[in-house]
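Remarks on the structure that follows.
No lab work stands behind these numbers, since they all come straight from the coordinates. Computed from a predicted structure; not experimentally measured. Cβ atoms come from the backbone with ideal geometry, glycine included; neighbour counts cover every protein chain shown.
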Amino acid sequence: MSLPERKTDIGPPHYEQFLPPVIKKNYGKWKYHEVLSPGTMVHVAESGDEIYTVRVGSPRLLSTASIREICDLAEKYCDGYLRFTTRNNIEFLVSDKSKVDPLVAELKEKKYSVGGIGPRVSNIIHTQGWVHCHSACTDASGIVKAIMDDLYEYFTEKELPNKVRIAVACCVNMCGAVHCSDIAVVAVHRKVPVVDDENVAKMCEIPTTVASCPTSAIRPNPKTKSITINEEKCMYCGNCFTVCPPIQIHNPEEDGVAIVVGGKIGSLRTSPKFSKLAIPFFYNDPPRWPKVVDAIKNILNVYAANAKKHERVGEWVERVGWEEFFKLTGIDFTFQHIDDFTFMRDTMRTSAAFKF
Amino acid sequence: MSLKTWPSFVTEIKKAAQSSSMPQMADDELGQLEKSYNTKRGYWKHGGIVGVLGYGGGVIGRYSSLPDEFPGIAHFHTVRLNQPSGFFYTAEALRMVCDIWDKYGSGLTNLHGSTGDLVLLGTTTENLEPLFAEYSSRGWDLGGSGSAMRTPSCCVGMARCEWANIDAMDICNSMTQHFQDELHRPAFPYKFKIKVSGCACDCVAAIARADLSIIGTWKDNIQVDQAEVKKYADAGMDIQAEIVDMCPTSCISYDNGEIKINDAQCTRCMHCISKMTKALKPGKEKGATILVGSKAPIVVGSLLSWVIVPFIECKPPYDELKDLAEKMIEWWDDNAKPRERIGELIEAKGMRPFLEAIGVPPQPQQVKEPRKDPFFFWSESDFKK
Amino acid sequence: MEQEEIQGKIFEYMQQMKGKKKLKEKDIIKKISADTGEEKDTVKKALRAMIDVGKLMYSYGGGASSVEIPSEEYLKEKGLI
């Protein structure tokens, strides 16, 4: 069979062909929405038309077989119309109100996770991990599965003071919004990379490699035509490894994950915030990373017990103070918590007023 | 652990082996992953040089470092397909994507990748050209990778959200079409990401994850429906505590069952609107705030985007927006070192050269506060009367 | 200058730099434009035409994209030899 003729620079298919008729008709004319249950909501247009959304979680890593099953459900209940959220949830777009309950019933019967709307834990944004990335220093899918199994009821039922956005990044490249999440796991290295001089000389551009270091820890080594790393300056970011693979940063025995908290994206009430370090390190502990899961559950529980309604994790911590956060959560405060990279001026306390 | 469980990625890998025409790919993917779980390390090599003829992006080379043990994933390249704006699909369209992928790949996907692409995980070098012919002839093109424009993405916007101040999906699609060459043929110092959110809730994380963040806003007054305000109160909402006391600028008051807003003091943060969706709506004079520079920690720490243009009208064909984006990219492309993002370049060169290059004047909305130290630059042009 | 002639200059430069420095598209365009006095856009078009037929190719390594002379393996895979 001969191949069809390739086309270039056509861009993505135009979204309009994928919109349900009720959305096309009321595009830009929505009046309000209501969350009906943890997994369903309705949007009502100025015309009075309605579109119902049924949301289910997904592991993001989806097989074609599962996508076809999702498509079958979409055809059975919503004329084949569906979308995905920016947090990798699946949304069935139901125009016929009478089909919402039967769809939810069939989804639950088939063990789909219906939920994630409103002040809850939504799907975890995560990266490829050992499944598909060369720079991963932990697995992402496995940690996500362990956390979501444990927090399942916070997706499908239980309310929290506000949304809690969790993310997992399998290295500091952070292909996800880890740096601005309520609670996030980020994999970190802790040892200076090992330099394979012979291959560095063969494969790498030395000036580019030297320039890749954010702390100027790398110097050329004319003798070996390779580089040397100043161990006192190296912060193990791994950027040199990206630029020059024979600088080997991976260390299975000493790599692991840190937990950061208090970030947010939206401008609601307070400005968007970076996540800050809560726990500097846990050893990689596959397949279930139990200490990581327990630590996240602890932070979530303390937040749920102490935050005011509508406060995000970061807003709650800022109101009570970080010294209070460490006290309430029982997390140890260490040298790693004090910034000695780019944010020291912003983060040291410059007031005699604080809590004991 | 609760009795109910989150969907399993391992199940997905097993299912992929059942539907793909090349079951050994997913089988070996699972085998290698299992090994990683035992040894606590990954077994993927750095990306190699693969792609489709004429393009420099959209395919990321991936090879197992254990090809003898796991021959099915000796080649396991990623293909990025440019997603439709807003991630809307029909079952028919998704099935077509799956049929082609089962024929040429592992049967594994990401819906979606972190940047927004529909990601196909795992194919061989020899399958790249046929796969591209099959997809492109049916209306699907590749996304960005490498030192290039990356696939723009956006929130659901006007398709299903009453807060959309701009047509995020149309802007995203229009920008994507405008920058096809920059997307497919890597000519930049590093990646460049564009994200479009309809309001300050920022569901696509534009402010944290895009070199160019376009966020919808308005200039006039919040629209208030007092009858609906009353219904919220009747239904038990503590409007004083939940709305008035949480307003960051104290510009809302609630007296005698009515909400009053001092709109001149409002920063349009979206708190009150998002909590009283039936009673409050954004104003009518809509547009976008343009912010620049956000990125993840590599290389010199994370950045959030900075406000550059406080307000710009966003009407199709979005010429003003495109022109602004082009000027930003040109200045960055002319000045940046390899692997330097635009935010880092602005830090290194200063905000003034950037603003002058794109023709935007200094404005108080751009800063949280003015500079603190008495060290500042003067240019020749500052001395002219 | 005819496009073919510009392409000759580009290829010559690429051969000269092979193994010495990874060249970005922009580096090549700047250099050849300066050498020949041709507009950058003209050089870009000539370069793109070479990439479209596999005379040159985009490459990726060290966290950045570049342009290279294709390997025999690449040409075979694309059915060009």
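Please give me the summed charge of the neighbours of A:CYS71: other residues whose Cβ is under 9 Å from its Cβ, Lys and Arg +1, Asp and Glu -1. So the surrounding residues net to -2.
Between B:LYS372 and A:ARG190, the FRET efficiency from the beta-carbon distance, with R0 = 60 Å, is close to 0.95. For A:VAL164, the residues 5 or more places off, or on other chains, whose built amide H falls under 5 Å of its own are A:ARG120, A:VAL121, A:SER122. Tell me the label-point distance for the pair B:GLU326, A:ALA304, using the 7 Å Cα-to-Cβ offset, in nm and rounded to one decimal. The answer from the label model is 5.3 nm.
Figure legend: label point modelled 7 angstrom from the Cα of A:GLU106 along Cα→Cβ; residues of region A:49-78 with amide N under 12 Å from it are A:69-78.
With a ≥ b ≥ c the root eigenvalues of the C-alpha gyration tensor of the protein assembly as shown, is it rounded (a/c under 1.5), prolate (a/b larger than b/c) or oblate? It comes out rounded by the Cα gyration axes. Using the Karplus relation 6.51 cos²θ - 1.76 cosθ + 1.60 with θ = phi - 60°, the per-residue 3J(HN,Hα) values for region B:247-263 come to 6, x, 10, 6, 9, 10, 10, 9, 10, 6, x, 10, 8, 10, 10, 8, 4 Hz, with x marking Gly and Pro. In region A:1-150, if the dipole is taken from +1 on Lys/Arg beta carbons and -1 on Asp/Glu beta carbons about the Cα centre, which of A:SER66, A:VAL144, A:LEU36 is farthest to the positive end? Most positive-ward Cα: A:VAL144. Shape call for chain A from the C-alpha gyration tensor, a ≥ b ≥ c root eigenvalues: rounded (a/c under 1.5), prolate (a/b greater than b/c) or oblate? It comes out oblate by the Cα gyration axes. For the peptides C:6-14, B:371-379, A:11-19, residues were scored by their other Cβ atoms within 10 Å and the scores averaged per peptide; the highest-first order is A:11-19, C:6-14, B:371-379.
If neighbour count is taken as other Cβ atoms inside 10 Å, put A:GLU311, B:GLU320 in order from fewest to most.
Going from least to most buried by this count: B:GLU320, A:GLU311.
A cut-off of 5 Å between modelled amide H atoms, ignoring neighbours fewer than 5 places along the same chain, links B:ASN110 with A:LEU62, B:VAL119, B:LEU120, B:LEU121. Look at the dipole of chain A built from charges on Cβ: of A:PRO252, A:PHE354, A:SER95, the Cα furthest out on the positive end belongs to A:PHE354. Working from label points 7 Å from Cα in the Cα-to-Cβ sense, the A:SER271 to B:ASP220 distance is 3.0 nm. Placing unit charges on the Cβ atoms only, positive for Lys and Arg and negative for Asp and Glu, gives the protein assembly as shown a dipole magnitude near 1100 debye about its Cα centre. The 3J(HN,Hα) values that the Karplus relation (6.51, -1.76, 1.60; θ = phi - 60°) gives for region C:21-28 are, in residue order, 8, 6, 9, 7, 3, 5, 4, 5 Hz. Gly and Pro appear as x.
Remark: mean inter-chain Cβ contacts per residue of A:258-265 equal 2, using a 10 Å Cβ-Cβ cutoff to other protein chain atoms. Shown for chain A: cysteine residues without a partner Cβ closer than 4.7 Å, namely A:CYS71, A:CYS78, A:CYS133, A:CYS137, A:CYS170, A:CYS171, A:CYS175, A:CYS180, A:CYS213, A:CYS234, A:CYS237, A:CYS240. Projecting the Cα atoms of B:ALA164, B:SER302, B:GLY107 onto the dipole axis of chain B, where Lys and Arg carry +1 and Asp and Glu carry -1 at the beta carbon, places B:SER302 farthest toward the positive end.
Rounded to 0.05, the FRET efficiency of the A:PHE356 and A:GLU232 pair, given R0 = 41 Å and the Cβ-Cβ distance, is 0.75. Residue by residue along B:183-195, Cβ atoms of other protein chains within 10 Å of the local Cβ number 4 on average. Basic side chains Lys and Arg get +1 at the Cβ, acidic Asp and Glu get -1 at the Cβ, and with that the dipole of chain B about its Cα centre reaches some 580 debye. Modelled label positions at A:ARG219 and B:LYS349, each set 7 Å beyond Cα in the direction of Cβ, lie 3.2 nm from each other. For A:HIS126, the residues whose amide H sits under 5 Å from its own are A:VAL168, ignoring neighbours fewer than 5 places away on the same chain, with H placed 1.01 Å from N. With θ taken as phi - 60° and the Karplus curve 6.51 cos²θ - 1.76 cosθ + 1.60 applied, the whole-hertz 3J(HN,Hα) list for region B:318-323 is 6, 4, 5, 5, 5, 4 Hz, x standing for glycine and proline. Rank A:ILE147, A:ILE124, A:ILE218 by mean-square fluctuation in a GNM of chain A with C-alpha springs under 10 angstrom and give only the top-ranked residue. Its mean-square fluctuation being the largest, the pick is A:ILE218.
Would you mind giving the mean number of other chain beta-carbons within 10 Å of the Cβ of each residue in A:168-175, as a whole number?
That works out to 3 on average.
Only the Cβ atoms of Lys and Arg (+1) and of Asp and Glu (-1) were treated as charged; on that basis the dipole of chain A about its Cα centre amounts to roughly 620 debye. Using only the Cα atoms of region B:182-315, build the gyration tensor, take square roots of its eigenvalues as a ≥ b ≥ c, and label the shape rounded, prolate or oblate: rounded if a/c is under 1.5, else prolate if a/b is larger than b/c, else oblate. Cα axes put region B:182-315 in the prolate bin. Based on the Cβ-Cβ distance from A:ILE10 to A:GLU75, what FRET efficiency comes out when R0 is 25 Å, to the nearest 0.05? The value I calculate is 0.40. Going 7 Å from the Cα of A:ASP346 toward and past its Cβ, which residues in region A:253-281 have a backbone nitrogen under 20 Å from where you end up? Backbone N within reach: A:259-280.
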